[in-house]
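K.L.:
Before I ask anything, let me first share the structure, which is written out below as structure tokens.
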Amino acid sequence: KVTVKELIRNGEQFLDQEVQISGWVRKIRSQKSFGFIELNDGSFFNGIQVVFEDNLENFDEISRVSIATSMYVTGTFVKSEGKGQSYEIKATSVEVFQKADLDYPLQNKRHTFEYLRSIAHLRPRTNAFSAVFRVRSLVAYAIHKFFQDQEFVYVHTPIITGSDAEGAGEMFRVTTMDLDNVPKTDKGDIDYKEDFFGKETNLTVSGQLNVETYCAAFRNVYTFGPTFRAENSNTTRHASEFWMIEPEIAFAALEANMDLAEDMVKYIIKYVLENAPEEMEFFNKFVEKGLFDKLNNVLANDFARVTYTEAVDILLKSKKKFEFKVEWGIDLQSEHERFLAEEHFKKPVFVTDYPKDIKAFYMKLNEDGKTVRAMDLLAPGIGEIIGGSQREDNLEELERRMDEVNLPKEDYKFYTDLRKYGSFPHSGYGLGFERMIMYITGMTNIRDVISFPRTPKSAEF
Ligand code: 4AD
Ligand code: MG
């Protein structure tokens, strides 16, 4: 037994030997006395060609199978005379496991990504989505490898939390279905239907506050998991459930944070180009023309770095007419971000030191008293893919800021404690995993890089 990947990568080694594979029919064409099947076993982007002839006792059955049919094939591995493949299997036995129904929707024609979204349970069997989801898996692995090689400790932060890390109120509440399952307490008649945990809880919007506590123990840490946001924004870049990578580094200021982010982005791109050449070739050819040039350009150059104030100046001096008026203090809109990354710098750019009023409470206040040590990484074609900052390490300053934005300090004692017991300069960021996948593959809708997307008014499958 071998995999199609082994056969294609190390073909010579298997020549003229008997091999056994199992998989699904991707294509079939048959004639009177012979036929060809492209069998995909899941191990590789492409399938392998199986030739079958009428010396097989079930030749008629094989000739009539439809796409998606599952089967076991035994045969001799030989050089192929045909175009389009170097090797093929000359079948000596084909055992059909299940003949797929004829109404299988993925017949051999092109389907729009939009249509494929409506059959998200079947779409990983197409070329495009097989490429997307193998790359997604490799990117996840590359990220772990990047951090583990530098001895970062991977922390599993909770999904159910009692805090709002971003202070933006965009949370999904956690409640129970069943009153009888709620633990009885002697506290009186609290409505525990809403309140299984004895306090209001929600799905996490970010693991940052929790991972910061582990940063104080392990120095360099990261969390990588699903996060949830009840933002009512129906865009191609927002999902209600998405994955985030959040490193946190101790005794490190914003510059080191940007260096780490830049190294990580480059590492991921390099890793995927090296480890998914067939998939990346597909994206470069069919999804984003010039993808390789773009990515190689990212690898070869330093990212740009500007302050928010400089960025606003660039926008004001540009001749561009923006829909949303530019002035110091505004939250940069996607048209502004795109202009900076795509037209002005033409490469990824870090924007730093945003006005404090448009950023989260935990960011370190600059000496000017107006801006914070924030950084967003804007990527051409995507916009913000990373948001991060140096954290406020001064207890008084942090508490003042929490009061300013009306955060209930009693819910954040674990967080302020870090500033009481050995406070230390530290920084971190969050990489939007799906946005990174979009950037690497050229896919333009976040719904097409997560297996079963959850967005407003849509949580099928
Ligand atoms: O900028 P954000 O909100 O930053 C944080 O959550 C910080 N706590 C991170 C940290 O410092 N540890 O989110 C980080 C990134 C964004 O840059 C974006 O790429 C992604 O998460 N993101 C989303 N991706 C998909 N759908 C959404 N609704 C997203 N919201 C944020
Ligand atoms: Mg952000």
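K.L.:
Within the stretch 389-411, does at least one residue satisfy the condition of being within 13 Å of ligand 2 (Cβ to nearest atom) and buried (at least 17 other Cβ atoms within 10 Å of the Cβ)?
P.N.:
Looking through the stretch 389-411, at least one residue is within 13 Å of ligand 2 (Cβ to nearest atom) and buried (at least 17 other Cβ atoms within 10 Å of the Cβ).
K.L.:
Any idea which of (1) closer than 15 Å to Ala128 by Cβ; (2) more than 12 Å from the chain's Cα centre (by Cα); (3) of a type outside the set (A, V, I, L, M, F, W, C) is the one Thr441 doesn't satisfy?
P.N.:
Among (1) closer than 15 Å to Ala128 by Cβ; (2) more than 12 Å from the chain's Cα centre (by Cα); (3) of a type outside the set (A, V, I, L, M, F, W, C), Thr441 violates only (2).
K.L.:
Another question, if that's okay. How about the stretch 75-98: which of its residues are free of Cβ contacts under 8 Å to residues at least 40 places away in the same chain and in contact with a helix residue (DSSP H, G or I) (Cβ under 8 Å, 6 or more places away or on another chain)?
P.N.:
Val96
K.L.:
So which residues in the stretch 205-264 are within 15 Å of ligand 2 (Cβ to nearest atom), β-branched (Val, Ile, Thr) and over 12 Å from Gly428 (Cβ atoms)?
P.N.:
Val205, Thr227, Thr235
Here's the yes/no breakdown for (1) under 30 Å from Ser206 (Cα atoms); (2) part of a loop (DSSP other than H, G, I, E, B):
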site: Gly75; (1), (2): no, no
site: Gly82; (1), (2): no, yes
site: Phe129; (1), (2): yes, no
site: Val139; (1), (2): yes, no
site: Asp164; (1), (2): yes, yes
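K.L.:
Which condition number does Gly329 fail, the rest of (1) within 23 Å of Ala168 (Cβ to Cβ); (2) part of a helix (DSSP H, G or I) being met?
P.N.:
Result: Gly329 passes all but (2).
K.L.:
Within the stretch 87-104, which residues are farther than 20 Å from Glu57 by Cα and touching a strand residue (DSSP E or B) at 6+ places or on another chain (Cβ under 7 Å)? Talk me through it step by step, then tell me what you get.
P.N.:
If we filter the stretch 87-104 for residues that are farther than 20 Å from Glu57 by Cα, which is where we start, we get 87-88, 100-104.
If the condition is that a residue be farther than 20 Å from Glu57 by Cα and touching a strand residue (DSSP E or B) at 6+ places or on another chain (Cβ under 7 Å), then Tyr87, Glu88 are the ones that fit.
K.L.:
Please pick out the residue among Ile382, Ile437 that is in contact with a helix residue (DSSP H, G or I) (Cβ under 6 Å, 6 or more places away or on another chain) and within 15 Å of ligand 2 (Cβ to nearest atom).
P.N.:
Of Ile382, Ile437, the one residue that is in contact with a helix residue (DSSP H, G or I) (Cβ under 6 Å, 6 or more places away or on another chain) and within 15 Å of ligand 2 (Cβ to nearest atom) is Ile382.
K.L.:
Additional query: Here is a list: Val306, Val326. Which entry is more than 16 Å from ligand 1 (Cβ to nearest atom), surrounded by 14 or more Cβ atoms within 10 Å (Cβ to Cβ) and without any contact (Cβ under 8 Å) to a residue 24 or more places away in the chain? Walk me through it before giving the result.
P.N.:
Working: Val306 fails: without any contact (Cβ under 8 Å) to a residue 24 or more places away in the chain.
Val326 is the lone residue from the list that is more than 16 Å from ligand 1 (Cβ to nearest atom), surrounded by 14 or more Cβ atoms within 10 Å (Cβ to Cβ) and without any contact (Cβ under 8 Å) to a residue 24 or more places away in the chain.
K.L.:
Still on this model: Restricted to the stretch 339-354, and to residues that are outside any loop (DSSP other than H, G, I, E, B) and within 14 Å of ligand 2 (Cβ to nearest atom), which residue is farthest from the chain's Cα centre (by Cα)?
P.N.:
Step by step, filter the stretch 339-354, then rank; the result is Thr352.
Coordinate-derived values only; no laboratory data. Note that the structure is predicted; figures quoted are calculated from it, not measured. Because the Cβ atoms are built from the backbone with ideal geometry, glycine has one as well, and the counts that use them run over all protein chains shown.
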